[in-house]
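Chemist: Let me begin by handing over the structure; questions about it come next.
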Amino acid sequence: MLVDNAVQGDSRVQKSARSAAAAGWDVTLLGRSPDGEPHRWRIGEALVRLLPMGRPGAPVRRTTRRDAAALLARLGLRTPVERAYTRLCLRLYGDRAWRRLQPALWSYEHAYGPVLDELAPDLIHANDFRMLGVGARGLLRARAAGRRVSLVWDAHEFLPGIKPWSDNVRWLPAQLAHEREYARHADAVVTVSPELARLLQREHDLPELPTVVLNAPDGREVGDRPVRATETLRAGFGLGPADPLLVYSGAAAPQRGLDVLVEALPLLPGVHVALVVNHPDGEYVRSLTARAADLRVGDRLHVRGYVPHDEVVPLLAGADLGVIPIQHWPNHEIALITKFFEYSHARLPIVVSDVRTMADTVRATGQGEVFRAGDAEEFARAVRAVLADPGRYRAAYDDPALLAGWTWERQAVELDRVYARLVPAGVAGGADAYGRVG
């Protein structure tokens, strides 16, 4: 398995590795080292290896105000030129243009490629768009050497619909070209929602509809919820059981719409908000806490960092409702994101912005309320409705079929079927017809 992160914050990848190893596969998960040093540990029976990239420890020159002003001036002049250069590269080189537009993508090949070749896998599971190229090139090298290998591409999001990760105008066209070049080499594609599966098939002219593997929690996370964990969310912030508590769990970024939670606090007397986020000391979170202080509600906004993925659901269960305030980006419209399922298994009513797929699901199940994205008054209305009658919304979870389909165990079966189809019996050291080693 290949992933472009340090593994720890990626619950989908961790669960995929753990469940595949439990099913009998010999799993090595290659990730990116956050500190330039190699690391190894295990997730269940799966081996995790974090690989160094770049030149860690190189001296960093401090940017002065004069430097920043000069950079902004250059960017203002450069943007039209960059756009023209991007169009020219795409016209001249087609999907290979990423080599000139984003040559830094080669750094992933330099870090991962030699290790991938050394492992000589029967199956490569490439997570998301950056790892697709690494996996495809590894597959082509293996086949050229006469070795049988298959490639699974796990598409976590619809790349044309994401907010670019960089302000560089070359970034998204380069990533799209890179994905188009290598998508055709995938022997199977899996993804996170039915609508995304349809979009991927159309975008890349895939011969079959991708298999849907939802970002659902592991059943061990949702069975017996330790009281210790549910108390921690409130006790850690000095809150009692009668204090109304909303929770947001996930990445903290402007497009996630967390501003609306702060703006709504003056409209919700006595209500507290807990942010369980990846960067609790990051610039964006600091801006939220500063705004809360300006509004004189800083004592009701609480922030803490992530917990291990198998502790998330018990932690969330200590709140009164879960919030998903994300803004209208194309990718947000089609997603059933991880926190949606985590809130559900914590049996929390959900207040979600009117992004299409999650809003439709909440309306259909009755498990929460929908508000207009970015509208603090609408958000406050939805919260008041839930807090006035939480049992009405929690009753949706009394249907055993609802949560039964939203477990990782159900998803792992689908993933194992994909693997078994690509690695037939007798390959990979004696795997049986289900891909499990006997």
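Chemist: So for each of 408-415, 137-144, 84-91 I average, over its residues, the number of other beta carbons within 10 Å; can you give me the resulting order with the highest mean first?
Modeler: Descending packing order for the listed peptides: 408-415, 137-144, 84-91.
Chemist: Give me, ordered by chain and number, the residues 5 or more places off His125 or on other chains with an amide H under 5 Å from its own placed amide H.
Modeler: HN-HN under 5 Å from His125: Leu2, Val152.
Chemist: Averaged per residue, what accessible area in Å² does the chain show with a 1.4 Å probe, protein chains only?
Modeler: In whole numbers, the chain has 46 Å² accessible per residue.
Chemist: Next question. Hey, what do the phi angles of the range 361-366 turn into as Karplus ³J(HN,Hα) couplings, whole Hz, using 6.51/-1.76/1.60 and θ = phi - 60°, x for Gly and Pro?
Modeler: Ordered by residue, 3J(HN,Hα) equals 5, 4, 5, 6, 8, x Hz.
Chemist: Using Cα-Cα distances under 8 Å and only pairs 6 or more residues apart, what relative contact order does the chain have, in percent?
Modeler: Answer for the chain is 14 percent.
Chemist: Please give the FRET efficiency for Glu283 paired with Arg83, using the beta carbon to beta carbon distance and R0 = 30 Å, rounded to the nearest 0.05.
Modeler: 0.60
Chemist: Can I ask one more? With +1 on each Lys and Arg Cβ and -1 on each Asp and Glu Cβ, and nothing else charged, work out how big the dipole of the range 306-362 is about its Cα centre, in Debye to the nearest 20.
Modeler: Roughly 60 debye, rounded to the nearest 20.
Chemist: Post the alpha-carbon centroid distance, the range 135-166 to the range 331-393, in whole angstrom.
Modeler: Between the Cα centre of the range 135-166 and that of the range 331-393, the gap is 34 Å.
Chemist: For Ser353, which sequence-distant residues (separation of 5 or more, or a different chain) have an amide H within less than 5 Å of its own amide H, given hydrogens modelled in the peptide plane?
Modeler: Excluding prolines and chain starts, which carry no amide H, the hits are Ile324, Ile326, Phe371.
Chemist: List the residues whose amide H sits under 5 Å from the amide H of Val7, counting only those 5 or more places along or on another chain, with H placed 1.01 Å from N in the peptide plane.
Modeler: Amide H neighbours of Val7: Arg32.
Chemist: Gain in length, His39 to Asp294, computed as 0.36 nm per residue apart minus the alpha-carbon separation, to one decimal in nm?
Modeler: 87.5 nm
Chemist: Can you give me the distance in nm between label points at Arg410 and His110, each placed 7 Å from the Cα along the Cα-to-Cβ direction?
Modeler: 4.6
Chemist: What net charge do the residues around Tyr93 carry, taking every other residue with its C-beta under 9 Å from that of Tyr93, with Lys and Arg at +1 and Asp and Glu at -1?
Modeler: Cβ neighbours under 9 Å give a net charge of +3.
Chemist: Another one. Peptides 268-276, 16-24: what's the order by average Cβ count within 10 Å, highest mean first?
Modeler: Highest to lowest by the protection proxy: 16-24, 268-276.
Chemist: Using the Karplus equation 6.51 cos²θ - 1.76 cosθ + 1.60 (θ = phi - 60°), what ³J(HN,Hα) coupling, rounded to whole Hz, does each residue of the range 32-49 give in order, writing x for Gly and Pro?
Modeler: Ordered by residue, 3J(HN,Hα) equals 9, 5, x, 10, x, 10, x, 9, 9, 7, 10, 10, x, 9, 8, 8, 9, 10 Hz.
Chemist: As a test of the formula, what do you get for the chain when each DSSP H run with n ≥ 4 contributes -39,500 (n - 2.57) and the sum is divided by the residue count, at 222 nm and rounded to the nearest 500 deg cm²/dmol?
Modeler: For the chain, the value works out to -13500 deg cm²/dmol.
Chemist: Relative to the Cα centre, what is the charge dipole magnitude of the chain, using +1 at the beta carbon of each Lys and Arg, -1 at the beta carbon of each Asp and Glu, and rounding to the nearest 20 debye?
Modeler: Dipole size: approximately 1520 debye.
Chemist: Per-residue HN-Hα couplings for the range 92-107, Karplus 6.51 cos²θ - 1.76 cosθ + 1.60 at θ = phi - 60°, whole Hz, x for Gly and Pro?
Modeler: Couplings: 7, 10, x, 5, 7, 4, 4, 4, 9, 7, 9, x, 4, 4, 5, 4 Hz.
The values are calculated or read from the model by the stated rules, or taken from the named source; none is laboratory data. For clarity, every value in this text was computed on a predicted model and none was experimentally measured. We place every Cβ from the backbone using ideal geometry, glycine too, and count neighbours over all the protein chains shown. What goes into the accessible areas is simple: the full protein's heavy atoms, side chains included, and nothing from ligands, DNA or RNA. Shrake-Rupley method; radii C 1.70, N 1.55, O 1.52, S 1.80 Å.
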